[in-house]
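Heads up: the structure comes next, in structure tokens.
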Amino acid sequence: MDITSSNTTWTDICPINDLTPDAGICALYNEQQVAIFLCKQSSNVYAVANFDPFGHANVLSRGIIGSTEDIIYVASPLYKQRFNLATGECLDSEEHKIKIFNVRIENEQVQLKEAS
Amino acid sequence: MSKQRIVVVGNGMVGHKFIDTIIGNDETKYEVITFSEESRLAYDRVQLSYFFSGKTAEDLALTDAAYYEENGIKFVLNDKVVDLDFDNRNVITASGRVESYDKLVLATGSYPFVPPIPGNDQEHCHVYRTIDDLEDITKSGETSKIGVVIGGGLLGLEAGNALVNLGVETHIVEFAPRLMAVQLDDGGGSLLKRKIEDLGVHVHTEKATTEIVAGTTSRYRMNFADGSHLETDMIIFSAGIRPQDELARKTGIPIGERGGIVINNHCETGVEDVYAIGECALWENFIFGLVAPGYQMAKVAAAHMHGDSDTEFTGADMSTKLKLLGIDVASIGEVHGKTPGAQSYTYHDEIEQVYKRLIVSADGTKMVGAVLVGDVEAYGTLLQLKLNDMKLPANPSVLILPSSGGEEAAGMGVDALPDTAAICSCFDVSKGDIKNAVAAGCCNMGELKASTKAATGCGGCTALAKQVLDSELLSLGFEVKKDICEHFAYSRQELADIIRVKKIKTFSELLVDCGSGLGCETCKPAVANILAAYWNEYVLEDAHVGLQDTNDNYLGNMQKDGTYSVVPRMPGGEVTPDGLIVIGQVAKEFNLYTKVTGGARVDLFGAQLHELPVIWKKLVDAGFETGHAYGKSLRTVKSCVGNTWCRYGVKNSIGFAIDLENRYKGLRSPHKVKFGVSGCTRECAEAQGKDFGLIATEGGWNLYFGGNGGMRPRHGDLFASDLTDEQVRTYVDRIYMFYIRTADRLQRTSVWLENLEGGIEYLREVILNDSLNINAELEAEMESNVANYQCEWKTTIESPEKLKRFKHFINSKEVDTGLAFKVIRGQRFPLAKEIEITELVE
Ligand SMILES: Cc1cc2nc3c(=O)[nH]c(=O)nc-3n(C[C@H](O)[C@H](O)[C@H](O)COP(=O)(O)OP(=O)(O)OC[C@H]3O[C@@H](n4cnc5c(N)ncnc54)[C@H](O)[C@@H]3O)c2cc1C
Ligand code: SF4
Ligand code: SF4
Ligand code: FES
């Protein structure tokens, strides 16, 4: 499978059972580290880059999921900056935004696709 | 108009207050320059003794260079003003500096009086007035076993407390027949003496020292007029203070017969444009040795210079309330029976050691004075009755009789006070001022302190200020909120109660029960911590996993590059050579950076997520358990070897330390908790700097509580003495659980204790006398925790399901390629782009 095609197609990552509700995991996708979260209350799945631009380490999948008003975010385990899981925007600093990925559950599989 | 040039001689508490006031009046009008003989700008002398409980010179500072510079105030430190030239309006300093003035303010305070006893000027003889003095005293303390304070007045007792804190055997030598002769009557003085002696401090009254000579068993020997003597290694003189009126004497400014610069109601001296304020000033033949009257003088002088002649100094109240060596003492008004016809009521409880005396006018309608020792709850009420000259209740004795059970304390509520009533005399804050502050939006003590400064001086008014605040808030219909975050309208303590009472076992249940939203990085770990403290379930259960803060989440402390540290438990710091070899082998195999920690165990850094289970398997197989270095929980019990090896040890401190560590290991609490156990009073384990500290004595264990190192060091308070092993366990069980139940999120025991209303005495009431009737519950909770202990790493490596989380990628065996290391001193360090690694290489 080459990279151009995977940009437009969905790639299987892991069975849905590998996700822990309200916690994250990290997946390797197109040579990128992607943090995937399953939110139990909304049953939504989110995928964002695993790299913490403040701590300069690949750790966001190990952060805590939280909400403020209607925004669902992950707080970095290093210095606690919060990133909106739906948009990648940082709630604590406008200059920082992390990459987001398309994610879905299909046939009990978690699938990723580059966001257009 | 050109600026008025004001020179302030002395930058002590009152000099600074004056400067602060005058620039507040109109900063554009004045040019201010101040001189200090000391090496620092004004600091809080009233709180000087806190220097011994960990406050630093910065903590005590009342101002700083930046503030003065911002406001255009010039200051010269370390330079004493030695002469005044009234004709040319100049001041002249020791360094030869000459500065002109339009107005001159003398705020030179006072100096300690050292009685002319031969031998009083030796190396380890000190006074107690400045931070420098206290630094010298600390140094002497390091090489002394016995210390003596000469003088049993208010300051002498404070100095005595300092000696106790320094850990030397403490003696107080007083010339008069009773302690605190100025403030207390005979009854109060003798009860105080008894209480102080109960604390192990030796009190010698009616002793006049005649000479200080070389000692035989100690450094010095003090000979007394009655032929007796006392050996000691250091001496602190606290025999009273004398107004610092040297400049006035030299230049002819009128002074009083027994010293002090004479001032009028505007604080003007006998020389034109020269004012004197604070402890150097003599008003109507009276020196005010307290800070509040000095502050009033500062305001009066500033107002007068500003053209206001209506504000006058008309004397001040000398009532005092203090805690001396942990004993509450208060004195109000005139207590020495000098008021004609006065009558008194006395309440003396020899069992509880409480003494109260109320002196009333001949007709019994007004209060003259009061003395309180051992229980000063009535102080606020009595002081207000006196200050506002209020009419006494029909039967005044109720004012000092103990209130029987749940009843409202006798006397009057704060609502009865007029708005003009002075609540805080240090900062001249009235009840009306507090009302205004509340109306302007202030709703807790912190904000009240910030906006009015009330209760930030001697602290004597704190309780009263809080009562006024609360009653104001209540009357405005406020509810005081301490919500943990937006998801729960409860404080940590309230959440803990809800969880305990409703037996809630998961975060989701709690959210449904009383929260909203998804939770956040504040409430989730806090709740996880409470759940763990009450039910002690495995923290990586599915229901709990997503709650854990960074470190608990993977049972290791996350380091800056995302790798983890591995810290096996070594109870009491004891480890067998074989154990040490296993640790070394593991560190070598996984190339972990290895360091011995301050908590007497070994830290291994740089383990990657997927390596953690393999590493821990090897450690667990070798008999190690998790050290919970990642948890807000018991960390380490530091100890010395005690009487097993040490020549001085009186008890088996290492054995007891291991018992304690094994009992409380793993228990989650609002913040981390450390213990220290020393085998004798030499205190090699530094137990007083820990949350729980134990020091062995011949009579048993002394239990200290609330110590802290770290950011804000504090010595623990002595909770109880001469305890058996069993008593220690019981009391620690109770205190520990009580802390878990009631502390705030991330509140160390030291801060919790300081915020606990009633402090250590209240804690004693709860723990020793079961005043809340909860000890049985507390003990049962602790027992269940101890019984449910599990090594989290052992549970984890035995569960294939849980191990799934311990790999970097869910869908690949690859590892994190973002990590890079550099070798320094033969070991690995993370190489992140922003670290200046070169700094680390010498
Ligand atoms: C241990 C202790 C505990 C106390 N506890 C209490 C308490 O609980 N409640 C209470 O109300 N009061 C208490 N006091 C008293 C209180 O500290 C004083 O009343 C207050 O500090 C007086 O302020 P001041 O500015 O007049 O003098 P100081 O604070 O003494 O300041 C005078 C300053 O002027 C400097 N100075 C003197 N001469 C010269 C010169 N010629 N040139 C330049 N500089 C000069 C001195 O070095 C000093 O720094 C306590 C005092 C001590 C020592
Ligand atoms: S505290 Fe006492 S028993 Fe322990 S090592 Fe020090 S001197 Fe020895
Ligand atoms: S003192 Fe600071 S740098 Fe050192 S371990 Fe603690 S938090 Fe880290
Ligand atoms: S009376 Fe001293 S701080 Fe308020």
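The values are calculated or read from the model by the stated rules, or taken from the named source; none is laboratory data. Predicted, not measured: the structure shown is a model, and the values here were computed from it. Positions of Cβ are backbone-derived with ideal geometry, glycine not excepted, and every protein chain shown enters the neighbour counts. Ligands, DNA and RNA are excluded from the accessible area calculation, which covers all protein heavy atoms including side chains. Shrake-Rupley method; radii C 1.70, N 1.55, O 1.52, S 1.80 Å.
From the mean inverse distance of alpha carbon pairs (Kirkwood) and the Cα radius of gyration, derive Rg over Rh for the protein assembly as shown. Rg/Rh: 1.02. Measuring max minus min along each principal axis, the C-alpha atoms of segment B:173-276 give extents of 56, 36, 22 Å (largest first).
Computed in the context of the full set of protein chains, the accessible area of chain B at 1.4 Å probe radius has 49% of its extent on carbon or sulfur.
At a probe radius of 1.4 angstrom, the accessible area of chain A per residue rounds to 46 square angstrom. Label sites at B:I351 and B:S397, each approximated as a point 7 angstrom past Cα along Cα to Cβ, lie 1.8 nm apart. Considering only B:P800, B:G758, B:G716, the residue lying farthest towards the positive end of the dipole of chain B is B:P800, judged by Cα position with unit charges set on Cβ.
In segment A:11-114, the ratio of gyration radius to Kirkwood radius, Rg to Rh, stands at 0.94 when only Cα atoms are counted. Only lysine pairs 8 or more places apart, or on different chains, with alpha-carbon atoms under 22 angstrom apart are counted in segment B:689-833, and they number 6.
Expressed in whole Å with the largest first, what are the equivalent ellipsoid semi-axes of segment B:596-704 derived from the C-alpha gyration tensor as the square root of 5 times each eigenvalue?
29, 15, 11
Per residue, the convex hull around the alpha carbon atoms of segment B:140-186 comes to 64 Å³. Among the GluC sites (Glu not before Pro) in segment B:694-755, those placed in a DSSP loop whose Cβ has at most 11 other Cβ atoms within 10 Å are B:E698.
Looking at chain B, the DSSP beta bridges with both ends there are about 65 percent antiparallel. With each label modelled as a point 7 angstrom along the Cα→C-beta vector, the B:E537-B:D85 pair spans 8.5 nm.
Mean separation of Cα pairs under 8 Å and 6 or more residues apart, divided by the residue count, gives chain A a relative contact order of 25 percent. Each Cα pair under 8 Å and six or more residues apart adds its sequence gap; the mean of these over the residue count of segment B:428-573 is a relative contact order of 13 percent. The value of relative contact order for chain B, using C-alpha pairs under 8 Å at least six residues apart, is 7 percent.
Here's the picture: charge each Lys and Arg Cβ at +1 and each Asp and Glu Cβ at -1 in the protein assembly as shown, and of B:I137, B:C125, A:N30 the one pushed furthest to the positive end of that dipole is A:N30. The mean of 1/r over all pairs of different alpha-carbon atoms in segment B:114-239, once inverted, gives a Kirkwood hydrodynamic radius of 14.3 Å. Restricting the trypsin sites (Lys or Arg not before Pro) of segment B:619-689 to loop positions (DSSP other than H, G, I, E, B) with no more than 11 neighbouring Cβ atoms within 10 Å leaves B:R647.
Solvent-accessible area of segment A:11-114 (1.4 angstrom probe, protein heavy atoms only): carbon and sulfur portion equals 42 percent. Shape analysis of segment B:219-308 yields a ratio of the Cα radius of gyration to the Kirkwood radius, Rg/Rh, of 1.21.
Chain B packed on chain A takes about 2900 Å² of accessible surface away from a 1.4 Å probe, both sides summed.
Each 10 Å bin from zero holds the following percent of Cα-Cα pairs in chain B: 2, 11, 17, 21, 19, 15, 10, 4, 1, 0.
When nucleic acids and ligands are ignored and a 1.4 Å probe is applied, B:S508 ends up with an accessible area of around 50 Å². At q = 0.16 Å⁻¹, what is the base-10 log of I(q)/I(0) for segment B:714-755 according to the Debye formula with one equal point scatterer per Cα and no solvent? Please give it to two decimals. These q points yield log10 I(q)/I(0) values of -0.47. Averaged over its residues, chain B has an accessible area of 44 Å² per residue, based on protein heavy atoms and a 1.4 Å probe.
Distance between the 7 Å Cα→Cβ label points at B:A57 and B:W645: 4.0 nm.
Over every Cα atom in segment B:484-567, the radius of gyration and the widest Cα-Cα span, Dmax, amount to 13.3, 41 Å.
Over 24 Å apart: what share of the alpha carbon pairs of segment B:9-118 falls there, rounded to a whole percent? So the pairs more than 24 Å apart make up 31 percent of the total in segment B:9-118.
Per 10 Å bin from zero, what fraction in whole % of the C-alpha pairs of segment B:632-791 is there, up to the bin with the longest pair? In whole percents, the pair-distance histogram is 11, 43, 37, 9, 0.
Using the Cβ-Cβ distance between B:N773 and B:S361 with R0 = 45 Å, the FRET efficiency computed as 1/(1 + (r/R0)^6) comes to roughly 0.55.
Excluding same-chain neighbours fewer than eight residues apart, the aspartates and glutamates reachable from B:K80 by a Cα-Cα span under 14 Å are B:E37, B:E38, B:E99, B:D245, B:E246.
Size check on segment B:700-842: the Cα extents along the three principal axes, sorted descending, read 60, 45, 29 Å. Take the Cα coordinates of segment B:487-642, assign each an equal point scatterer, and use the Debye formula without solvent to give log10 I(q)/I(0) at q = 0.16 Å⁻¹. Those come out to -0.91, one per q.
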